[in-house]
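The values are calculated or read from the model by the stated rules, or taken from the named source; none is laboratory data. What you are looking at is a predicted structure, and each value in this text was computed from that prediction instead of being measured. Every residue, glycine among them, receives a Cβ derived from its backbone with ideal geometry; neighbour counts consider all protein chains shown. For the accessible areas, the whole protein counts, side chains as well, though only heavy atoms, and no ligand, DNA or RNA atoms are used. Shrake-Rupley method; radii C 1.70, N 1.55, O 1.52, S 1.80 Å.
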Amino acid sequence: MSRRFRIAPGGRLAGSIRVPGDKSISHRSIMLGALAQGTTEVTGFLEGADAISTIEVFRALGVSIDGPRAGRVTVHGVGLHGLRGAAYPLDCGNAGTAMRLLMGLLAGQPFESTLVGDESLSKRPMRRVAEPLAAMGARIETRDGCPPVRLLPAAGGLHGIRYAMPMASAQVKSALLLAGLYAAGETTVIEPAPTRDHTERMLGGFGVAVSRDGPAVSLRGGQPLRAVALDVPADISSAAFFLVGAAIAAGSDLTLQHVGINPTRTGVIDILRLMGADIEVRHAREVGGEPVAELRVRAAPLRGIEVPPELVPLAIDEFPALFVAAACAEGRTVVTGAAELRVKESDRIAVMAEGLRALGVGATSTPDGMVIEGRGGEAGVFSGGSVAAHADHRIAMAFAMAALRSSGEIVVHDSANVATSFPGFESLAAAAGLAIEGQA
Ligand code: S3P
């Protein structure tokens, strides 16, 4: 955990790179592959710690999984009712997605399970999933709403519900849909705003009928899944650091290959374009039910904006990077409607505001967002210095990119968790032009 990045100031990003596979889709490929009849072949799988945690959990539940090797994973599906209870707690590591989706998937099983996680995950809220699952008949125990989570067999089985989510959360929606596979009747989840729809798309690919009526998504329980081949696109959330880095560093011209551009994930492109970024979406096509394209980004002067709140859930994981872009914009940027950032791998509002101020940028946190006084007109936006990533992968990568516009070296402490979502970040960033060095 003592790993850190040391990044020399300046430079530009250029060339053509492919960032690792999408984390959300990688988790789901293992989960649905495990519940399917037949063998699911996955390519482009994210070989990061989070997705590996999901593989290990399913192995513990009796599923045979080959790989990952060079992004290839083979999941030997056991069918909807083929999982076996594990004799020990299932470790989700740092992965909130794994834990929340597993809560839904395991709530309807005839065996008991306990889910545990690392220090960060052990502080994250699980009631948002436990409460609606309890309304479906599940028996769940938490420690004051946080992990460990104990799931007991539901006495009379699960039954479908119609649930209006109080927050825009794809994890909650997905957990309820997975529980819905085991529930009698229909399960409907209503979103207050659109959230990523990978679960619905992938379930459709596996042959499950999922219907959408405006903000409501529904499925009927008991539908079998049929194995398919899955190609996982590069993660737009990982690409985001490079989109921002190339946008802010003069002379940059960078192409990102095979990036997933599902419209429920492209808020980062829309927000950066509103700020004046030059991003071209090329060769858009559909691969295995998910839209994919090449993104070309060139440096351009950015201006501060009021981020439209409706774009926030569509860019929720990209705010650490977007806050760095805002610091490099001319004028003030205001983010509202982003209270969910406080319950991610760290409190991303508090931690980013603290780090920006440590690097000489005016940043004021608000309960649901931040106000950033952009210094885009000035040569050195950031003063250089030390920032703490608080074991949050996306905070570490966002501040690494800040060095491109810094007058002095930036040291990012506590960066080990970058491996949860972006194995090889340092070498890929270095190949693109960032003067980064990892140190133990
Ligand atoms: C995810 C959903 C988002 C996101 C997380 C991955 C998913 O969380 O922040 O990194 O794969 O469903 P919420 O749904 O809680 O906002």
- In the set LEU203, LEU230, which member is assigned to a helix (DSSP H, G or I) and within 16 Å of the ligand (Cβ to nearest atom)? LEU203
- Task: Output the number of residues of the range 159-184 satisfying the condition of being farther than 18 Å from GLY222 by Cα and of a type in the set (Val, Ile, Thr).
- Result: 1
- Message: Looking at ALA87, ALA51, ALA70, ALA14, can you tell me which residue is within 16 Å of the ligand (Cβ to nearest atom) and either open to solvent by 10 Å² or more (accessible area, probe 1.4 Å) or over 30 Å from PHE382 (Cα atoms) (or both)?
- Response: ALA51
- Task: Scan the range 22-44 for residues that are away from the ligand (no atom under 12 Å from the Cβ) and open to solvent by less than 10 Å² (accessible area, probe 1.4 Å) and report the count.
- Result: 8
- Query: Can you name every residue in the range 323-350 that is more than 27 Å from VAL129 (Cβ to Cβ), open to solvent by 10 Å² or more (accessible area, probe 1.4 Å) and not acidic (Asp, Glu)?
  - Reply: GLY331, ARG332, VAL334
- Task: Look through LEU181, LEU203 and report the one residue that is over 23 Å from MET126 (Cα atoms) and either open to solvent by 10 Å² or more (accessible area, probe 1.4 Å) or in contact (Cβ under 8 Å) with a residue 24 or more places away in the chain (or both).
- Result: LEU203
- Message: Which residue is nearest to the ligand (Cβ to nearest atom), if the candidates are limited to the range 333-350 and must be outside any helix (DSSP H, G or I) and touching a strand residue (DSSP E or B) at 6+ places or on another chain (Cβ under 6 Å)?
- Response: ALA338
- Give ALA315, ALA300 a once-over and let me know the one that is of a type in the set (A, V, I, L, M) and either at pLDDT below 95 or assigned to a loop (DSSP other than H, G, I, E, B) (or both). ALA300
- Item | Residue check, LEU254 assigned to a helix (DSSP H, G or I) and either at pLDDT 95 or above or open to solvent by 10 Å² or more (accessible area, probe 1.4 Å) (or both) | no
- For GLU310, state whether it is open to solvent by 60 Å² or more (accessible area, probe 1.4 Å), within 28 Å of GLY21 (Cα to Cα), at pLDDT 95 or above and in a strand (DSSP E or B). no
- Message: When you scan the range 367-378, do you find a residue that is of a type outside the set (Lys, Arg) and in contact with a Cys (Cβ under 9 Å, 6 or more places away or on another chain), even just one?
- Response: yes
- Enumeration of residues in the range 351-374 that are assigned to a helix (DSSP H, G or I), within 26 Å of GLY96 (Cβ to Cβ) and out of contact with any helix residue (DSSP H, G or I) (no Cβ under 7 Å at 6 or more places or on another chain): ALA353, GLU354
- The correct count of residues that are of a type outside the set (S, T, N, Q), part of a loop (DSSP other than H, G, I, E, B) and more than 16 Å from the ligand (Cβ to nearest atom) in the range 104-134 is 5
